[in-house]
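Here is the structure we will look at.
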Amino acid sequence: PHHTRVSAHCSRARTMAPTAFKDIGKLCSDLLSKDYKTGSNSVEVKSKVPNGITFTPKADKTGDKFSGSLAAKSAVPGGADLEVTLKTSGVMSASLEAANMMKGLSLTLDCETPAPGKPGLLSSGKGTLDYKTDALTAKGSYDYYRGDAHAAASSAFKALTFGACADYSVSKSSLSKYAAACQYVAPDFTVCAKLN
């Protein structure tokens, strides 16, 4: 008698982190809004000076309204990036990002001054933690001045991405918003469903 030996070789391909919850369905919405701009014009120029600072002036015009900003971004000691932006409205914002504190974990601290004429030193002060692995993308943030907490997570299995998010108001002690979404991406099409 003849014996046939069958052997199977299994390997797991390294994949990228799943799509972040906020980006589920982005391909579909961009097709309808971002790719076909009407009534708005924008100009953005990036330039890097010899000391490593990147300046980005940006101008937007929609109808009769004009807005602009000037951003400066630089690396700071300790492996973090600092970006400061001044807007034509008189509001200044700053963002400090420390990437890869641990494998896949980054911390971002954001703050913004109030609009001219409004009281206070800051109108917003937010801390955000982002965590990404091959199987999970998670994000949590808390805005000290507004008392708002946000959490979102997404995961993927082959071409299917699914996730959920929730916003919690500390001042009201209740959920202010929650949502779930899933997305299937094929070579020829993308299907997305969101529940808000």
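The values are calculated or read from the model by the stated rules, or taken from the named source; none is laboratory data. What you see is a predicted model; the values in this text were computed from it and never measured. Positions of Cβ are backbone-derived with ideal geometry, glycine not excepted, and every protein chain shown enters the neighbour counts. Heads up: the accessible areas ignore ligands, DNA and RNA and are worked out on the full protein's heavy atoms, side chains in. Shrake-Rupley method; radii C 1.70, N 1.55, O 1.52, S 1.80 Å.
Condition check for PRO114 on (1) in contact with a Leu (Cβ under 9 Å, 6 or more places away or on another chain); (2) within 20 Å of ALA20 (Cα to Cα); (3) open to solvent by less than 60 Å² (accessible area, probe 1.4 Å): one failure, at (2). Test ASP130 against the stated conditions and say whether it is open to solvent by 50 Å² or more (accessible area, probe 1.4 Å), of a type in the set (D, E, K, R) and either within 25 Å of SER176 (Cα to Cα) or modelled with pLDDT of 90 or more (or both). Answer is no for this residue. Considering each of ALA166, ALA138 in turn, give the residue that is open to solvent by less than 40 Å² (accessible area, probe 1.4 Å), of a type in the set (A, V, I, L, M) and closer than 19 Å to LEU109 by Cβ. Just a single option satisfies the conditions, and that option is ALA138. Within region 73-86, being assigned to a loop (DSSP other than H, G, I, E, B) and of a type in the set (Gly, Ala, Ser) holds for GLY78, GLY79.
Among the residues of region 58-86, the ones that are open to solvent by less than 60 Å² (accessible area, probe 1.4 Å), in contact with a Gly (Cβ under 9 Å, 6 or more places away or on another chain), without any contact (Cβ under 8 Å) to a residue 24 or more places away in the chain and more than 22 Å from ASN100 (Cβ to Cβ) come to 2 in all.
Residues of region 96-111 that are free of Cβ contacts under 8 Å to residues at least 24 places away in the same chain and touching an Asp or Glu at 6+ places or on another chain (Cβ under 7 Å): GLU97, THR108.
Listed by position, the strands (runs of 3 or more DSSP E) contained in region 148-196 that have at least 3 residues being closer than 30 Å to SER124 by Cα are 148-157, 160-169, 174-185. The residue that is surrounded by the most Cβ atoms within 10 Å (Cβ to Cβ), counting only those in region 42-57 that are of a type in the set (Val, Ile, Thr), under 12 Å from LYS73 (Cβ atoms) and more than 21 Å from the chain's Cα centre (by Cα), is ILE53. Please find, within region 141-161, the residue that is most open to solvent (accessible area, probe 1.4 Å) out of those that are out of contact with any helix residue (DSSP H, G or I) (no Cβ under 7 Å at 6 or more places or on another chain) and touching a residue at least 40 places away in the same chain (Cβ under 8 Å). Filtering first and then ranking leaves ALA156. Given the criteria open to solvent by less than 80 Å² (accessible area, probe 1.4 Å) and at negative phi, does GLY120 qualify? No; evaluated as a whole, the condition is false for this residue.
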